[in-house]
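Following: one structure in C-alpha cells, then a few remarks.
The values are calculated or read from the model by the stated rules, or taken from the named source; none is laboratory data. This structure is a prediction, so every number in the text was calculated from the model and none was measured. Here the Cβ is made from the backbone with ideal geometry for all residues, glycine too, and neighbour counts use every protein chain on show.
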Amino acid sequence: MSDPRITSSIFTRGAVDLSALRTPAPSPAPAPVQAGPPAGAPGGAVGGVTVVDVTEATFQSEVLERSLTTPVVVDFWAEWCQPCKQLSPVLEKLAVEGGGAWVLAKVDVDANPRLAQMFRVQGIPMVYAVVGGQPVDAFSGVVPEPQLRQWIQAVLKAGGVSVTEPEDPRLDEADDALMSGDLDAAEQAYRKILAETPTDAAAEAGLAQVGLARRVAGTDPQAALTAAASDPDDVDAQLLAADIEVLSGLADQAYQRLVGLVRRTSGDDREKVRQHLVGLFAIAGPEDPAVASARRALASALF
C-alpha cells in the first residue's frame, strides 16, 4: 500500500460541511453565467448546462440544487495558477463531451474565498464532485486525462447516471487498483496490458504513476524539497523533489528542474536523470503541451 499522505494528495475523500453555504452571503444580485471565458481565465461557460462560472451567490442553485439531479464537478482555480491552466481545459473538454451528463462548475478562489474555505481548499487546482447536495470525492493537482476520465465515470455512477463501460475493462481494473492505493495489483494489471499491447499510452501512464507513488511513499514532501534546495547537485534529492512537484500538480517546474540537472551532469548521472525525466513525461502523455516543450528543452540540453 502507498503512504496515505501521498494517496490523499491525488484522490481524497471526506465530509465537508456546506450548511453555511445553503444560504448565500448577501449580494447585490446573482452573478450571471458568462457566455464566454473571462479575460485571462483558463476557461469559462461553454454552454448553459455544461460548464458554468459559479460565485457564492449562485452556489446554491448552480451546484447544490443542480447536483440533486445531475452530478456537478467543482473546479477551484485562479488566474495566476499555472497547473490550473493545464487541468481546466481538459475538464472543460470532458464536460462538453459528456453532453450534459454532468456539469463543470468553475470557482475562482480569489473572488470566492469563502467557498474555498468551506471546501477546505489548501492548494489549487482542487476538484470536488458533488452529488445529491454533498461532496462525494475530490482530488488535487493535475491528473492525467485517462485517470481523470475514470474518476468522472465513478462520479457518474455515484450519481446514478448510466455510463458507457470503458472500451478496455482491463484499464478500468488497473485504474481502480491505482486509485485505491493497491500499487502491486495496479502494476500487475498495467504490465499485463503492455505485454499484450506494448504501445498502450494509458497503461504506460498508469505504470509510471505506480512508480511515482512508490518513490515518494513515506516521504515528507516539504523536507524533501528543502533538501533539494540546499544541495542542487545532489542527483537523488533533485529526482525526489521533481517527483513531489509532479504529484503536487507542478509538472512544468519538475521538468525544468530535471532539464537543468541534465545540463549540469554527465555520464551515468546524466543518463539517470534523463531516464527519470522520460518516465515523468509518460504520466502526462506525449500530447501534453508541457511535455512537448520539455522534450525540446531536454534535446537542447543533451545535444
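Residues that are surrounded by 15 or more Cβ atoms within 10 Å (Cβ to Cβ), within 22 Å of residue 70 (Cβ to Cβ) and of a type outside the set (A, V, I, L, M, F, W, C) are absent from the stretch 176-196.
When the stretch 280-289 is limited to residues that are buried (at least 18 other Cβ atoms within 10 Å of the Cβ) and in a helix (DSSP H, G or I), the one that is modelled with the lowest pLDDT turns out to be 284.
Residue-by-condition table, conditions (1) outside the structural domain of residue 66 (by TED's automatic domain parsing); (2) at pLDDT below 90; (3) within 13 Å of residue 59 (Cα to Cα):
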{"residue": "79", "(1), (2), (3)": "no, no, no"}
{"residue": "89", "(1), (2), (3)": "no, no, no"}
{"residue": "94", "(1), (2), (3)": "no, no, no"}
{"residue": "108", "(1), (2), (3)": "no, no, yes"}
{"residue": "118", "(1), (2), (3)": "no, yes, yes"}
{"residue": "130", "(1), (2), (3)": "no, no, yes"}
{"residue": "133", "(1), (2), (3)": "no, yes, yes"}
{"residue": "138", "(1), (2), (3)": "no, yes, no"}
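The single residue among 156, 207, 171 that is more than 25 Å from residue 248 (Cα to Cα) and either in contact with a Phe, Trp or Tyr (Cβ under 7 Å, 6 or more places away or on another chain) or surrounded by 14 or more Cβ atoms within 10 Å (Cβ to Cβ) (or both) turns out to be 156. Inside the stretch 207-220, residues that are in contact (Cβ under 8 Å) with a residue 60 or more places away in the chain and either hydrophobic (A, V, I, L, M, F, W, C) or in a helix (DSSP H, G or I) (or both) make up a count of 9.
Residue count for the stretch 269-303 satisfying the condition of being of a type in the set (S, T, N, Q) and either touching a Leu at 6+ places or on another chain (Cβ under 6 Å) or more than 13 Å from residue 252 (Cβ to Cβ) (or both): 2. Restricting the search to strands (runs of 3 or more DSSP E) fully inside the stretch 70-154 and requiring at least 3 residues that are under 13 Å from the mean Cα position of the chain (by Cα) gives 72-77, 126-131, 134-140.
Checked against (1) in contact with a Pro (Cβ under 9 Å, 6 or more places away or on another chain); (2) more than 27 Å from residue 148 (Cα to Cα), residue 263 passes all but condition (1).
Considering the stretch 246-278, and only residues there that are of a type in the set (Val, Ile, Thr) and over 19 Å from the mean Cα position of the chain (by Cα), the residue that is surrounded by the most Cβ atoms within 10 Å (Cβ to Cβ) turns out to be 273.
Is it true that some residue in the stretch 31-48 is at pLDDT 50 or above and of a type in the set (A, V, I, L, M)? Among the residues of the stretch 31-48, not one is at pLDDT 50 or above and of a type in the set (A, V, I, L, M), which makes the answer no.
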